[in-house]
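Colleague: My questions will all concern the structure given below.
The values are calculated or read from the model by the stated rules, or taken from the named source; none is laboratory data. All values reported here derive from a predicted model rather than from experimental measurement. Positions of Cβ are backbone-derived with ideal geometry, glycine not excepted, and every protein chain shown enters the neighbour counts. Note: accessible area is taken over every heavy atom of the protein model, side chains too, but ligands, DNA and RNA are not part of it. Shrake-Rupley method; radii C 1.70, N 1.55, O 1.52, S 1.80 Å.
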Amino acid sequence: MAENHYENPPLTISKIGIIGAGVSGIAAAKQLYHHNPVVLEASDSIGGVWRTCAYNSTKLQSARKDYEFSDFPWPNRDDPSFPTHVEVVDYLESYAKHFDVLKFVKFNSKVMELRFVGQQGTTQLGGNGGAYGSPLPGHPVWQIAVQTNGSQNLQWYAFEFVVVCIGKYGDIPKIPSFPHNKGPEIFQGEVLHSIDYCKLDKDAASQLLKGKKVAVIGYKKSAIDLAVECAEANQGPEGQPCTMVVRTLHWTVPHYSVWGLPFFLFYSTRASQLLHEKPNQSFLRTMLCYLLSPLRRGVSKFIESYLLWKLPLLKYSLKPDHPFEEDYASCQMAIMPENFFTEADKGNIVFKRSSNWWFWKEGIEFDDNTKMKADVVILATGYDGKKKLKTILPDPFRSLIEYHPSGIMPLYRGTIHPLIPNMAFVGYIESVANLHTSELRSMWLARYVDEKFKLPSAENMLEQIYKEMEVSRRITRFYKRHCISTFSINHGDEICEEMGWNSWRKRNWFAEAFSPYGSQDYRLKN
């Protein structure tokens, strides 16, 4: 890496910069190893949300073999237990050390601003074989201001290509809006977001919850885990029940088995994905989806019947109104902790359904005119990942982050924004196994950067993105999440074909049709 000095500001120049050293960042760094990337990480360690947004009880929701890099299996990959967040961080660190990517990481380096110094005309549609010509033009296109170790002085870097891997979670909490004079400011207790709770050590977390009337806002994975931790801290006669305030219900599963059958049979094989619509499908495939739609709905009902039998969803009025397949298609299915309903049966977790709520001085008031006293309110209301990007990206790119009205980031192959030059985004598309998704896209990105293939025109990339958005809009009401779970194998096929790989990765046709696809299938054989 060479040093150079511009009039304003002095720059450290390199070919490729990667922002973030979470799962996506280290996957991208490994695939781009030969370019000696500079990885800018705001914290003092790798791991991303696994280190900064995990509770004491947080576990992976996938089996180990479903959450591993293609060339770095878990040492105990057949262990059926779900790894803890500590085990996941250890695995990621082992991967980074094994492939020597830590040498690229600059820790405690927070990105404050990006400046585009390329040609301003590059935001126009069109282009020769791709919107912007070469991904590595031979001169800096982006400048990045970095705050190191909390210093007030900024260090500037210049790159030909930037890979953004800061993700959709962590950093900026999503806070609900409240009517005037009905927000947290009038509440006499303590209000915090789940990101603040993550920063507490085990003793401090227990002290916050123990003997307190706690309200957890939300019903996704983080809220469910929080409710369990709250219940565990309130055992005994002095304990208080934890109230989950639920606005939108989602299906939860106790494990990856349905009436004795492995879950992957229903959604994660080529045969099962034939039931679901995919982008770019032929007329015959469209007719096949239509003819098989009763079977697709039957699969969803079959899974729902098991969940209603296995879990006391009806008892606690927690049965969602929408089909299971809509949650799966939007990547919102969550694994239920084993002791969740045990604690509910003991009265340590209670539920309150409400479309709208706000604060009063002693707790929470609901739209049915009921009130609930509370000492602590924890907002498990998610994160605003797009706001993170908007704080660092310059105009006009800031306004291009969201496609209206869906709010989805328009990313070709989940990676390239057709209107933002010399930049890629890894970790912004969801699937059943996000690590696998990030690794495969990093493989594709490395080959694009090496000019092993050319991108389509910006118009064609946007057309492909809109097709994916339209498929999502038709199959789930939660289409504003960019999730490819029901057509993930097809998505992988298209990526492989662009890279010049064989899209069928199994050893024989039977395995190709009926065994699940995962990271190991995309391991390079030579």
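Colleague: In deg cm²/dmol and to the nearest 500, what is the mean residue ellipticity at 222 nm of the chain if only DSSP H runs of at least 4 residues count, each as -39500 (n - 2.57), divided by the residue total? Spell out each step's value before the answer.
Modeller: On the way: 17 runs with 160 residues, N = 526.
The helix-only estimate for the chain comes to -8500 deg cm²/dmol at 222 nm.
Colleague: From Cα pairs below 8 angstrom and at least 6 apart in sequence, can you work out the relative contact order of the stretch 41-97, rounded to a whole percent?
Modeller: Numbers: 46 pairs, mean separation 25.3, N = 57.
Once divided by the residue count of the stretch 41-97, the mean separation gives 44 percent.
Colleague: Using a 10 Å Cβ count of at most 16 others and DSSP loop calls, identify the longest part of the chain lacking such GluC sites (Glu not before Pro). If you can, show how the numbers build up before the last one.
Modeller: Values: sites that count: 7, 238, 338, 362, 402, 451.
Answer - 8-237.
Colleague: In straight Cα distance, which aspartates and glutamates are under 16 Å from residue 65, not counting same-chain residues fewer than 8 positions off?
Modeller: Within the straight-line cut-off, residue 65 pairs with 78, 79, 87, 90, 439, 521.
Colleague: Per residue, what accessible area does the chain have, given a 1.4 Å probe and all protein chains present, in Å²? Please report the intermediate quantities before stating the final value.
Modeller: On the way: 23470 Å² over 526 residues.
Result: 45 Å² per residue.
Colleague: Then there is this: Of the beta bridges DSSP finds with both residues in the chain, what % are antiparallel, to the nearest 5?
Modeller: The answer is about 45 percent antiparallel.
Colleague: Between their Cα atoms, which of 202/373; 210/480; 174/371 are more than 29 Å away from each other?
Modeller: Violating the 29 Å limit, Cα to Cα: 210/480.
Colleague: What is the local net charge at residue 86, summed over the other residues whose Cβ is closer than 15 Å to its Cβ (Lys, Arg +1; Asp, Glu -1)?
Modeller: Numbers: positive: 51, 59, 64, 202; negative: 79, 87, 90, 93, 201, 225.
Cβ neighbours under 15 Å give a net charge of -2.
Colleague: Once neighbouring chains are kept in place and the probe is 1.4 Å, which whole percent of the accessible area of the chain is contributed by carbon and sulfur? Don't skip to the end; give the middle numbers.
Modeller: Details: 12100 of 23470 Å².
It is 52 percent, rounded to a whole number.
Colleague: Determine the dipole magnitude for the chain: charges of +1 sit on the beta-carbon of Lys and Arg, -1 on that of Asp and Glu, nothing else is charged, the reference point is the Cα centre, and the result goes in debye to the nearest 20.
Modeller: On the way: 59 positive and 56 negative charges, 172 e Å.
For this selection, approximately 820 debye.
Colleague: All other residues with a Cβ under 11 Å from the Cβ of residue 341 taken together, and with Lys, Arg as +1 and Asp, Glu as -1, what is their net charge? Intermediate results must be reported in sequence, preceding the final value.
Modeller: Working: positive: 310, 315, 346; negative: 338, 343, 345.
That sum, taken over residues with Cβ under 11 Å, equals 0.
Colleague: In percent, how large is the relative contact order of the chain, given Cα pairs closer than 8 Å and 6 or more residues apart? Walk me through the numbers on the way to the answer.
Modeller: Values: 973 pairs, mean separation 112.6, N = 526.
Computed value for the chain: 21 percent relative contact order.
Colleague: Could you compute the FRET efficiency for residue 361 and residue 288, with r as their C-beta to C-beta distance and R0 at 56 Å, rounded to 0.05?
Modeller: Working: r = 60 Å, r/R0 = 1.06.
That pair, residue 361 with residue 288, gives E of 0.40.
Colleague: Rounded to the nearest Å, what's the spacing between the alpha carbon centres of the stretch 186-236 and the stretch 369-403? Just the number, please.
Modeller: 20 Å
Colleague: While we're here: Taking the Cβ of residue 277 as the center, what net charge do the other residues with Cβ under 10 Å away carry, scoring Lys and Arg +1 and Asp and Glu -1?
Modeller: With Lys, Arg at +1 and Asp, Glu at -1, the neighbours total +3.
Colleague: OK, next. Go through (i) 72, 67, 48; (ii) 68, 61, 45; (iii) 65, 55, 54 and flag the label whose value is the computed Cα extents along the principal axes in Å for this structure.
Modeller: Calculated Cα extents along the principal axes in Å: the matching label is (ii).
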